[in-house]
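Here is the structure we will look at.
The numbers here are math on the coordinates, done by the rules we state, and not lab data. All values reported here derive from a predicted model rather than from experimental measurement. Please note: Cβ atoms are built from the backbone with ideal geometry, for glycine as well, and neighbour counts cover all protein chains shown.
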There are 6 protein chains.
Amino acid sequence: MLRTDGRNDDVLRDIRITRGYQQWPAGSVLIEFGNTRVLCAASVTEGVPRWRSGSGLGWVTAEYAMLPSATHSRSDRESVKGRIGGRTHEISRLIGRSLRACIDLAALGENTIVIDCDVIQADGGTRTAAITGAYVALADAVTWLAAAGRLADPQPLSCAVSAVSVGVVDGRVRLDLPYEEDSRAEVDMNVVATDAGTLIEVQGTGEGATFARSTLDKMLDLALVGCAELNRLQSQALALPYPGVLPEPKGKKK
Amino acid sequence: MLRTDGRNDDVLRDIRITRGYQQWPAGSVLIEFGNTRVLCAASVTEGVPRWRSGSGLGWVTAEYAMLPSATHSRSDRESVKGRIGGRTHEISRLIGRSLRACIDLAALGENTIVIDCDVIQADGGTRTAAITGAYVALADAVTWLAAAGRLADPQPLSCAVSAVSVGVVDGRVRLDLPYEEDSRAEVDMNVVATDAGTLIEVQGTGEGATFARSTLDKMLDLALVGCAELNRLQSQALALPYPGVLPEPKGKKK
Amino acid sequence: MLRTDGRNDDVLRDIRITRGYQQWPAGSVLIEFGNTRVLCAASVTEGVPRWRSGSGLGWVTAEYAMLPSATHSRSDRESVKGRIGGRTHEISRLIGRSLRACIDLAALGENTIVIDCDVIQADGGTRTAAITGAYVALADAVTWLAAAGRLADPQPLSCAVSAVSVGVVDGRVRLDLPYEEDSRAEVDMNVVATDAGTLIEVQGTGEGATFARSTLDKMLDLALVGCAELNRLQSQALALPYPGVLPEPKGKKK
Amino acid sequence: MLRTDGRNDDVLRDIRITRGYQQWPAGSVLIEFGNTRVLCAASVTEGVPRWRSGSGLGWVTAEYAMLPSATHSRSDRESVKGRIGGRTHEISRLIGRSLRACIDLAALGENTIVIDCDVIQADGGTRTAAITGAYVALADAVTWLAAAGRLADPQPLSCAVSAVSVGVVDGRVRLDLPYEEDSRAEVDMNVVATDAGTLIEVQGTGEGATFARSTLDKMLDLALVGCAELNRLQSQALALPYPGVLPEPKGKKK
Amino acid sequence: MLRTDGRNDDVLRDIRITRGYQQWPAGSVLIEFGNTRVLCAASVTEGVPRWRSGSGLGWVTAEYAMLPSATHSRSDRESVKGRIGGRTHEISRLIGRSLRACIDLAALGENTIVIDCDVIQADGGTRTAAITGAYVALADAVTWLAAAGRLADPQPLSCAVSAVSVGVVDGRVRLDLPYEEDSRAEVDMNVVATDAGTLIEVQGTGEGATFARSTLDKMLDLALVGCAELNRLQSQALALPYPGVLPEPKGKKK
Amino acid sequence: MLRTDGRNDDVLRDIRITRGYQQWPAGSVLIEFGNTRVLCAASVTEGVPRWRSGSGLGWVTAEYAMLPSATHSRSDRESVKGRIGGRTHEISRLIGRSLRACIDLAALGENTIVIDCDVIQADGGTRTAAITGAYVALADAVTWLAAAGRLADPQPLSCAVSAVSVGVVDGRVRLDLPYEEDSRAEVDMNVVATDAGTLIEVQGTGEGATFARSTLDKMLDLALVGCAELNRLQSQALALPYPGVLPEPKGKKK
């Protein structure tokens, strides 16, 4: 049985990674997983939050948000509601945690990198697209800091990070679910992995149902295949030169 | 004396209008005034806010926001701060007011159109770009409603609306200021006008200085020239067919 | 055609300016434009906000608010709602901007003046009454600072500031609209001007209608006449001695 | 030993009660206890809060606030802070409770009276001045409702309510403390009483000290004397005719 | 006429005081007044709030809250509502004030003690139980600080503090009201007293009724009897050894 | 190598389950995992949230919170901060989702069960203790609803739910981590499972490190052993009679 968009169960949607999408941040990447489009920007500031100051360690954090117009029916703006919802909080924390797993904060030195992941268009898998794009933006921000001579150590990144969703839909284990599948999946799982094939985060949830251990195993197998393919596309995108003007050594903060 | 970007005083930056930028909203326009890029989405919902219900009149409102990564140094997210700033409120109100001046709310029928103007990249003139793009998104949303057979009256739009900034920089009256000029302008003015040459809104401010009545007159002259050119570009963009799939008459709400 | 209150189109309402209305602030003025009554208090504090500290420059800012009982039907308290509305924000920013245009912040030295404009009774034109009264309160606060020997320079005020509304009502351009006219005006404009006849701020809005350039010109003419008369009344009020006890030189902060 | 302002220990400050201070609310009273000035406005609305709807009972509630410029050094605006402080809450609740003790809510019918007590100038005793003034504003609002024919029963007020502070200062029990005494009182007490000499509320607090039962007794004696005098002044003020235009029977809501 | 729970009018409910209820805070007491159960924890931190820093004085403050499941029908969580209600504020302030009356803040030295009173089960009298239990937790925290050698002076506590409610129910003056009596009391009073028989706070309120001076006197008599009995139970509980491990002198902060 | 508390790697801490801890909620359970103590209360209300009304389906939701005094150093109260943190949101959502997996909402009928999980003392594993205790509270609430004759169907619970943490500490895979181990674990995982051995939720995170697929497998094996033991203890606790008074059929809501 083919999927609505014609893919086989183990195939990713079309993935597009556009570096240098915005002019100001040190890293700015538009990532597309099919119709899902997320803008991932990595902004560098000198210094670290007060609670970390003087430790010699840098800091990486992330904020996820959705444009009101990104969803099928318009969603209310969290700034207007005056509070951030539970889902937004949860995903922001997940992205930050995932990226911190691949960076040596001592090597980063006392610099802060904030990753903003803003969903321009949502069609399932926004959090996994965000993590995958955020890694590329982070890599560009690190290149920028290296050029500026502001790293404590030349290569703070220890591995590449990507993420993908898997789920059980119509009784079949499938990779990279669009909204149409996600909304009726019996089990839903997000996996964050490194290019060494190790895991950073695994979150699997039965949606009004429970699932067997063997199903979990199959989903993990498929997710790791997806992450490996995403790592390949990240490498390919990062093989091109930095998409903007790099600062001079000891350049002033951006 | 030429401007930093080589333009004459009375020339707009490069203007680009991309319709159909997002797939879900009835109107979705990316507008660019040079490096300023604003995504304007017009979402349609059936019915009107409670205080207006039963009046037979429709409603048009707008929300303006800036991505944190849109500005030279990253700006804090208003959803995280838990409140909307004065500037954001002011611009949202201005956009809504400007669009309501060109639409017959009785003809719209009891439908609500929310215009979201999200600044992707900021380089001066974000509010005027937002108004100019929002009109195009609004026109698409009206076309969508017409196709769905949901308008009380066939043509609710009475005129086209565009906006531009003018200012006094280096002692000269200049059109469409980028950030570099805007930040050091002595006088700053935003003008919203119709394609009939009439005015909707005029906001002129001395920035730590006052200005003569004659300066005001010159700025208005120049702004009206700019608005006329923007109207021409809007017409040109709207001459192309609707960039998505129109609903069937009496189609269900989008 | 006479106006409801019997005035000609180009005549202000009865204006009353009462200095020294409250005992604690350095400047405290009750201003009345007919039935509109606004209490304008200028409070002085030593030092400036942190972001300005060490610059040698002073700071002037304003907060506008309305008593719940000031309006025809009681309005909800913004402190109870837990957020300040867009209109309040907008007017507070306008008042602050207008006053900063007439004061040399270097001459003020590192002092902060906060102007609180609290509407006791609303009958149209509250923002223009607030600006006009706030200038008088500011002048008293400057006198107080001068007596205390705390100014960096003897006369930081470069001009006087007043404001008035004009509008098109029943097809006629009219000065200083009460609520009854304001609520049905086709065009509404607020003009802030100096006693030198120059402009600080011009805000004109079509209310569900657009307006011709020539209408704008007529409204500006009339507004400048009104502002000149208001400047005359401000001078007259300020010709009387300071309405309280002035501090001794190097006196302690108020 | 005389008090700083020359009064004997058992004498009130100069009390002034001005009815009809504002034009819109059904009752609007400026009350002054010496330099303490509080504006008490009673606004009438048809109907009651949802949780009370259909009960046949009316509702009376109060909101207390302080202008930023009312205090010796300017206090921050609670609307700007985005939350109401504990002291404000406490006093608002006290005022509401005190007034509800003197009114028969069944006789009031399904009408709501909101009493806004806004402190224009603070010099000690603002809450007791507020209660005393609020009663007069409430009485005017009841007269207004009676004229409009909207009461379920002709006389809903069962008694008059006034309040006064007493305290131990310099080892002496004193009546109606101004700020200078209040800030150094060892014991501080607020008493709300009726014109029948019965009590509604008694709140006594040792300020960093404890106090004997006999001291409490002396303070109560003195407070009841003060309340009786305040009742006399309320009657005197209310003996004059209603200070505005009364509605016609079955008149529309104010 | 016996009370529902069989007590005489002048008898307390069963009082139980359990020290050392939690492991982390320096003082942690579960106090029970019949079915009312309040957990009172006294946490010690080095230093004082910024506004008090350098004064040599310590600080004691309190926060009161109710578990949603503590009340007959579940109450909404204040953290979810995003704001603290008036009643919560009022009680928190009362507890803090009451405890500060019995402690010499200079002797405490620059330490802060925060008392958290969380109601586990509510059946009337939660605020008086909280004060009575909080005193015991405070005493344990002081013992802890003494052991750590962090007090400026050996014995900062000048007296013991307890509190009890009294009220008029069914026309009779009764001690320590459970919810069933409290909810229909005509007069309700909370009294905070010391073991020396002096008063700290007296708050009496007519609930939709007024009360005579003589009733107030009878309620006070009864409350003082109740407080004396509570003091006896506090002493008895504190006669046992400190229920945890005391720090070594100059031990690190807890 | 033994663990600090002497357990083997595959052994749970002492688990205690106390039903009927509070008197008002239909289910109230104190659960202890060693020193971690969580109070889980299940409150029943008739009807469902508005968005679900008329569907015939019931609703189960959860709120998690921590007493300020529960943690080693006191944590700030979220109600005072005015917003709920990301971690709190995340855990509340997890508990709700886990419980909804074991209940047939159609069988529940239009009733709402809110589960409040309040941490009295924290020593690692608060979220897994909360889920395990919440299931028991939920079972009691269902018994209560059955007795009241308010269920649409006699047995809405399809399975039992328990949860436990596992992690890699000192290079060893260990079950049910206390705070001392949790804070230095290299990998941390929470598993929610049913008494049928199927999974509801799996959340594994590398803490500043990544982990191999084989480690994940070992952690899952161990977690499922732990959950089975917890299920046994839940059954044992629920074998005792309902710890309160059950309502009569068609009894009024609790």
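Using r as the Cβ-Cβ distance of B:S55 and C:E180, and R0 as 35 Å, what FRET efficiency do you calculate, to the nearest 0.05? Here the calculated transfer efficiency is 0.95. With the label put 7 angstrom out from Cα along the Cα-to-Cβ vector, B:D10 ends up 3.3, 6.8, 8.8, 8.8, 10.0 nm from the copy partners, going from closest to farthest. Considering only D:A160, D:A122, D:A147, the Gaussian network model of chain D with Cα springs below 10 Å gives its largest mean-square fluctuation to D:A147. Taking the axis that rotates chain E onto chain B, the chain E residue nearest to it by Cβ, with the distance rounded to whole Å, is E:G82, 4. Computed over neighbours whose Cβ is under 13 Å from that of C:S158, the net charge equals -2, Lys and Arg +1, Asp and Glu -1. Could you list the trypsin sites (Lys or Arg not before Pro) in region D:144-200 that lie in coil according to DSSP, counting only those with at most 13 other Cβ atoms within 10 Å of their Cβ? For trypsin sites (Lys or Arg not before Pro) across region D:144-200 that sit outside H, G, I, E and B with at most 13 neighbouring Cβ atoms in 10 Å, the list reads D:R184. Backbone geometry of region B:100-109 corresponds, through the Karplus equation with coefficients 6.51, -1.76 and 1.60 at θ = phi - 60°, to 3J(HN,Hα) couplings of 5, 6, 10, 10, 8, 5, 5, 5, 5, x Hz, x marking Gly and Pro.
What is the percent of Cα-Cα separations in region F:128-214 that go past 17 Å? Cα-Cα pairs of region F:128-214 separated by over 17 Å account for 58 percent. Among F:A65, F:A209, F:A223, which one moves the most in a GNM of chain F with springs linking Cα atoms closer than 10 Å? The residue that fluctuates most here is F:A209.
Note: relative contact order over region D:16-60, using C-alpha pairs below 8 Å and six or more positions apart, is 26 percent.
In order along region D:82-90, phi translates into HN-Hα couplings of x, 7, 8, x, x, 4, 4, 4, 4 Hz, rounded to whole numbers, per the Karplus curve 6.51 cos²θ - 1.76 cosθ + 1.60 with θ = phi - 60° and x for Gly and Pro.
The GluC sites (Glu not before Pro) of region F:200-254 include none that meets both criteria, a DSSP state outside H, G, I, E and B (loop) and at most 11 other C-beta atoms within 10 angstrom of the site's C-beta.
Fewest-first ordering of B:C159, F:C117 by other beta carbons within 10 Å of each residue's beta carbon gives B:C159, F:C117.
Going by a ≥ b ≥ c, the root eigenvalues of the Cα gyration tensor, does chain C fall in the rounded group (a/c under 1.5), the prolate group (a/b larger than b/c) or the oblate group? Here chain C falls in the prolate category. When you restrict to C-alpha pairs under 8 Å that are six or more residues apart and normalise by the size of chain D, the relative contact order lands at 22 percent.
Other residues within the sphere of radius under 10 Å centred on the Cβ of A:G34, judged by their own Cβ, net out at -1 (K and R +1, D and E -1). Taking other residues whose beta carbon is less than 12 angstrom from the beta carbon of E:A239, and scoring Lys, Arg as +1 and Asp, Glu as -1, yields +2. Classify region A:97-160 from the C-alpha gyration tensor, please: rounded if a/c falls under 1.5, else prolate or oblate depending on whether a/b exceeds b/c. Because a/c hits 1.5 or more and a/b exceeds b/c, region A:97-160 counts as prolate. Remark: region A:66-80, residue by residue, has Karplus-estimated 3J(HN,Hα) of 10, 5, x, 8, 7, 9, 3, 9, 3, 9, 5, 7, 5, 5, 6 Hz, where x stands for each Gly or Pro and the curve is 6.51 cos²θ - 1.76 cosθ + 1.60 at θ = phi - 60°. Place the label 7 angstrom along Cα→C-beta at B:A212 and in each other copy, then list the distances from the first to the rest in nm, shortest first. List, nearest first: 2.7, 8.3, 8.3, 8.6, 8.8 nm. Rounded to the nearest 500, the 222 nm mean residue ellipticity of chain B from helices alone is -9500 deg cm²/dmol, with -39,500 (n - 2.57) taken per DSSP H run of at least 4 residues.
Using alpha carbons only, how many degrees (0 to 90, rounded to 10) separate the axis of helix A:213-238 from the longest principal axis of chain A? Rounded to the nearest ten degrees, it is 40. When the Cα gyration tensor is reduced to axis lengths a ≥ b ≥ c, the ratio a/c is 1.5 or higher for the protein assembly as shown, and with a/b not above b/c it is classed as oblate. With Cα atoms defining each centre, region C:103-177 and region A:22-91 are spaced 41 Å apart in the structure. For B:G149, the point set 7 Å out from Cα toward Cβ sits 5.1, 5.1, 7.3, 8.6, 9.0 nm from its twins in the other copies, listed from shortest up.
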